[in-house]
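See structure below.
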Protein chains: 2
Amino acid sequence: MVVDQLSDAELDGLFQALSDGTRRDIIARVLGSDGGYSVSGLAAHYAMSFAAVQKHVAVLERALLITKEKRGREQIVRAHPEGLGKARRLLDEYEGIWRQRVRRIEEILTEG
Amino acid sequence: MVVDQLSDAELDGLFQALSDGTRRDIIARVLGSDGGYSVSGLAAHYAMSFAAVQKHVAVLERALLITKEKRGREQIVRAHPEGLGKARRLLDEYEGIWRQRVRRIEEILTEG
DNA sequence: CTAACCTACAACCAAATGGTTGTAGATCAG
DNA sequence: CTGATCTACAACCATTTGGTTGTAGGTTAG
């Protein structure tokens, strides 16, 4: 399998979204919440401006790692691990190839 | 478990390293090779300068995704999926939390 | 020895990133 | 209605990133 049909650009965005500690923390926080977080609810936890957190949320949304849902004047952020799965499957594939390779080398060494 | 002891900076570097198509291609190429690639052997495959590929290799090395081994005048690049595993384990953990949450919600709905 | 090759690294440049402040439109509370 | 709150978005700035060219040092081939 060629790992879904995820385009290069999609993967770029996915891994790039995951490459920032604040964004990973937002993911963890949202995953660990029951009802989700409003954007300002999230922003309250970080030592940066609201707008900065807003941008991080936008990056995560583009990468399909979260979704936003309007509720009144708030925008509720929830986990949407579709992107998560895609990224993990690529790493799985890489690791699979690696393990296969290690196994082959061991075979060659043992069976001589 | 708190996913090894990988520091934020380590994860930043890991995911950032994975967020570029050329670098992912280098990983795939090296994983798929038997003896590894020299840096210029790699560079031959990309429409960019040798120095650019050299920089990509350096990024991957810092992220523990590959290793370089000097052999004569060449530098042999090999896969070193330690970083790979770390990244995958974090995504696994995220997905685990998600699945747990989905299960809990289903329980609440069914046992109502 | 000399020439070719492989690598390292510095200096430079354009574009993207992560942050800021400021402005403005909705929505809710009193 | 009015004021406070939540969000969106633009403009700006410093730093990082991904690329370039150029120079220099080690290693191999002839």
Problem set entry | Total charge dipole magnitude, chain B, about the Cα centre, Cβ charges on Lys, Arg, Asp, Glu only, Debye to nearest 20 | 500 debye
Exercise. Relative to the other copies, what are the label-point distances for A:Ile108, with labels 7 Å from Cα along the C-beta vector, expressed in nm at one decimal and sorted shortest first?
Worked result: 5.5
Exercise. For the protein assembly as shown, what number of Lys pairs, 8 or more residues apart or on separate chains, have alpha-carbon atoms under 29 Å from each other?
Worked result: 16
Problem set entry | Most positive-pole-ward Cα, A:Ile66, B:Tyr46, B:Leu90, against dipole of the protein assembly as shown from beta carbon charges | B:Tyr46
Exercise. Under unit Cβ charges (Lys, Arg +1; Asp, Glu -1), what dipole magnitude, rounded to 20 debye, does the protein assembly as shown have relative to its Cα centre?
Worked result: 420 debye
For this session: Mind listing the long-range amide H neighbours of A:Ile76? Cut-off is under 5 Å, sequence gap 5 or more, other chains count too, H placed in the peptide plane at 1.01 Å from N.
Result: A:Glu69, A:Lys70, A:Arg71
Seminar exercise, completed: Quick calc: nm separation of the 7 Å Cα→Cβ label points for B:Arg73 and B:Ser7 -> 3.8 nm
For this session: Shielding by partners for A:11-18, please: the mean number of other protein chain Cβ atoms within 10 Å of each residue's Cβ.
Result: 5
Exercise. Each residue of the range A:64-77 in turn: what ³J(HN,Hα) in whole Hz from Karplus with 6.51, -1.76, 1.60 and θ = phi - 60°, glycine and Pro shown as x?
Worked result: 6, 9, 9, 10, 10, 9, 6, 9, x, 8, 9, 10, 8, 9
For this session: Taking only the C-alpha atoms, wrap a convex hull around chain A and report its volume per residue in Å³ as a whole number.
Result: 132 Å³
Exercise. Across the Cα atoms of the protein assembly as shown, what radius of gyration and what greatest pairwise Cα-Cα distance (Dmax) are found, in Å?
Worked result: 20.0, 70
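Throughout, read-outs are computed from the coordinates displayed, never taken from laboratory work. As the structure is a computational prediction, the values presented were derived from the model and not from experiment. Glycine gets a Cβ as well: all are built from the backbone with ideal geometry, and neighbour counts include every protein chain shown.
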